[in-house]
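Presented below is the structure to which this report refers.
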Amino acid sequence: MLLSKLVGLLGEYKTKNFKDVEISGLSYNSLTTKQGDIFICIRGEAVDGHKYAKSAIERGAVALFCEEELPIDVPQIIVEDTKRTMANIASAFYNEPSKDINLIGVTGTNGKTTVTHLVQKILEENNEKCALIGTLGYKLSSNDEYKEAKHTTPQPPELQRDLRLMADKNISNVVMEVSSHSLEQKRVGCCNFNGAVFTNLTQDHLDYHITMRNYFKAKALLFEGLKEGSFAVINADDEYAKDFVGVVPNGVKVLTYGVKKEADVKASDINFSIDGAKLTVKFNDKLEKLNLHLNGMFSVYNVLAAFATALAMGVDYKVIIKALENTKSVAGRFEIVTKKPLVIIDYAHTPDGLENVLKAAREITPSTSKLICLFGCGGDRDTTKRPKMGKIADELSDKVVISSDNPRSEDPQLIISDIMTGIKTVDIQRIFVEPDRGEAIKFLKSICNDEDVVVIAGKGHEDYQILKNETIHFDDREEARKVFIGV
């Protein structure tokens, strides 16, 4: 693609050394720059890409997309903020792929991954192709392997590349997790969403957004950008429901779902067992029973979100029910890895997420057995949630093991100390501390019996642990199997 065509979607920009060179790729990392790329100079929290522009040119970049004129003799496109304009460049380079597919965005603090997988299952049951993009990576179908992703919502060059790949493979639907960071940073700029889904809004990422109001405003951007004829699906039971409904533009169809308040799709008569949840769903003046393999009230909400989304897309309710009833758990989301004791792995890493998982686990814990929770909190992230999670684990569990999550650059012991401030009384018979997560999982075996329920929370599907300057292989599921079943 010629450079002149590539910048066609930009607003204001300046040029230096302009020459209409051929661009064959996009790069924002000098180490992975290839011959013919345009190098996008990004100012990050720790690294300024402008300092690596010369290195990128040496590796083959033929032009620069930057925020200041650089003393380098190649064509330069200069804008105010490359990070926020990168989506325009990426969309143009890949010929605006979201216009060729039915793109559905799912946002919220918890539940995004499960909802996207459920929608994919429903659409495939309806004999439609559907790809998904999210925390676990992207996959072209439910039977496909995940392709690794660095972010819940990829950076624009990868996102637009993946969308173009999907469009070129004649995949008509893509359901995507949309994080607050990606909305705030315009990563999904130039994405043409035909539908948006809101799961919930609880405390997370306040190290970035500072206030819950700012967090809401970031999420709301997905709904504000909907075009006439598209749809919005909103959790009626969430305290921010009215705020989200309020930002939906005229001409956009709104469907609500919930358990407590009146909604277009509402669940009642909910019962849980070790095998899953049973409930009745009311919608369009119909009442239908659902028998799910999924468990916990949070799963009920995820199912309702997917149900409403499919209805908004015109899928027959019988197809929706069949798909939902056939769906097993999503990797790392209330995933049962052993049954004696019942060991559950979950990605819950927020106060609300941990509370939901522990309440769901309590529902299936026999009255004569104990509920045991192992968790930690990530380093270099929102510190205010640590004591809250300690309090929740203390109040909802019979025994608690506090360990490390991804400590990153922080001292694990200091993170644990923050968690401990939320615990009312430190009873050495029920509150335990083991910073080494592997050792902590081994320790679980000494404090439980075969009838107990154990929740290992925080990392879920992750198969790594970030320790200071290194990332090591670590998978809660693997460790739990080794300890409890010897494999």
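No value in this document is a laboratory result; all are computed from the given coordinates. Worth saying up front: this structure is predicted, and the values here are computed from it rather than measured. In this analysis, Cβ positions are derived from the backbone assuming ideal geometry, glycine residues included, and neighbour counts consider all displayed protein chains.
Remark: the chain carries a charge dipole of roughly 540 debye about the Cα centre, counting +1 on each Lys and Arg Cβ and -1 on each Asp and Glu Cβ. When the charge dipole of the stretch 448-487 is built from unit charges on Cβ atoms (+1 for Lys and Arg, -1 for Asp and Glu) and taken about the Cα centre, the candidate among Gly458, Phe474, Phe484 whose Cα reaches farthest toward its positive end is Phe474. Of all DSSP bridge pairs formed entirely within the chain, close to 35 percent run antiparallel. Our compactness index for the stretch 90-175, the C-alpha radius of gyration over the empirical 2.2 N^0.38 Å, is 1.01. Scanning residues 5 or more positions from Val455 or on other chains, those with amide H under 5 Å from its amide H are Ile344, Ile372, Cys373, Leu374, with H placed 1.01 Å from N in the peptide plane.
Here is the P(r) of the stretch 3-81: all C-alpha pair distances, binned every 10 Å from 0, give 21, 58, 21, 0 in whole percents.
Evaluate the relative contact order of the stretch 365-476 (contact order divided by residue number), counting alpha-carbon pairs under 8 angstrom at least 6 apart; express in whole percent.
Numbers: 201 pairs, mean separation 38.7, N = 112.
In percent, rounded to a whole number, it is 35.
Here the Debye sum runs over all C-alpha atoms of the stretch 335-485 as equal scatterers in vacuum, and log10 of I(q)/I(0) at q = 0.10, 0.11, 0.14, 0.16 Å⁻¹ comes out as -0.29, -0.35, -0.58, -0.78.
For the cross-link pairs Lys266/Lys289; Lys359/Lys391; Lys399/Lys445; Lys388/Lys424; Lys260/Lys391; Lys282/Lys328, the ones whose C-alpha atoms lie over 19 Å apart are Lys260/Lys391; Lys282/Lys328.
For the chain, the mean residue ellipticity at 222 nm estimated from helices alone is -9500 deg cm²/dmol, where every DSSP H run of n ≥ 4 contributes -39500 (n - 2.57) and the total is divided by all residues, rounded to the nearest 500.
For Met420 and Lys5, compute 0.36 nm times the residue count separating them, minus their Cα-Cα distance, and round to one decimal in nm. Value of the extension gain: 143.7 nm.
Absence of a disulfide-compatible partner, taken as no other cysteine beta carbon within less than 4.7 angstrom, is noted in the chain for Cys130, Cys190, Cys191, Cys373, Cys377, Cys448.
Reported value for the stretch 211-307: 107 Å³ per residue, from the convex hull of its C-alpha atoms. Listed values for the stretch 282-295 are Karplus-derived 3J(HN,Hα) couplings in whole Hz (6.51 cos²θ - 1.76 cosθ + 1.60, θ = phi - 60°), namely 10, 6, 6, 6, 10, 10, 9, 8, 10, 10, 9, 7, 6, 10, and x replaces Gly and Pro.
Residue ranges 238-248, 107-117, 23-33 sort as 107-117, 23-33, 238-248 when ordered by packing (mean number of other C-beta atoms within 10 Å per residue, highest first).
Ordered by the number of other Cβ atoms lying within 10 Å of each residue's own Cβ, fewest first, Leu255, Leu324 fall into the sequence Leu255, Leu324. Extension gain for Lys261-Lys147 works out to 37.2 nm (0.36 nm per residue, less the C-alpha to C-alpha distance). Fewest neighbouring Cβ atoms within 10 Å first, the residues Lys260, Lys217 line up as Lys260, Lys217.
All Cα-Cα distances of the stretch 97-326, cut into 10 Å bins from zero to the largest, leave 8, 35, 38, 17, 1 percent in each bin in turn.
Here the stretch 241-264 and the stretch 293-338 have alpha carbon centers that stand 20 Å from each other. The Cα center of the stretch 101-132 and the Cα center of the stretch 375-391 differ in position by 30 Å. Structural descriptor for the stretch 3-81: relative contact order 31 percent, calculated from alpha carbon pairs under 8 angstrom and at least 6 residues apart.
Restricting the stretch 57-116 to GluC sites (Glu not before Pro) that sit in a DSSP loop and have at most 14 other Cβ atoms within 10 Å of their own Cβ leaves Glu68, Glu69, Glu80. Over all projection directions, the Cα-based convex hull of the stretch 99-236 averages an area of 8.1 nm². Alpha-carbon geometry of the chain: the Rg and the Dmax are 23.7, 76 Å, given in that order.
Among the listed pairs Lys34/Lys83; Lys219/Lys459; Lys129/Lys242, those whose Cα-Cα separation exceeds 25 Å are Lys129/Lys242.
The H on the amide N of Val265, modeled in the peptide plane, is under 5 Å from the matching H of Thr256, Tyr257, Gly258, each at least 5 residues off or on a different chain. DSSP assigns beta bridges within the stretch 3-81; of those with both partners inside it, close to 30 percent run antiparallel. Bridges between two residues of the stretch 329-483, per DSSP, are antiparallel at a rate of about 30%. Averaging Cα coordinates gives a centre for the stretch 1-53 and one for the stretch 438-487; these two points are 43 Å apart.
Along the charge dipole of the chain, Cβ charges K/R +1 and D/E -1, which of Pro412, Tyr257, Thr368 sits furthest on the positive end? The residue sitting most towards the positive pole is Tyr257.
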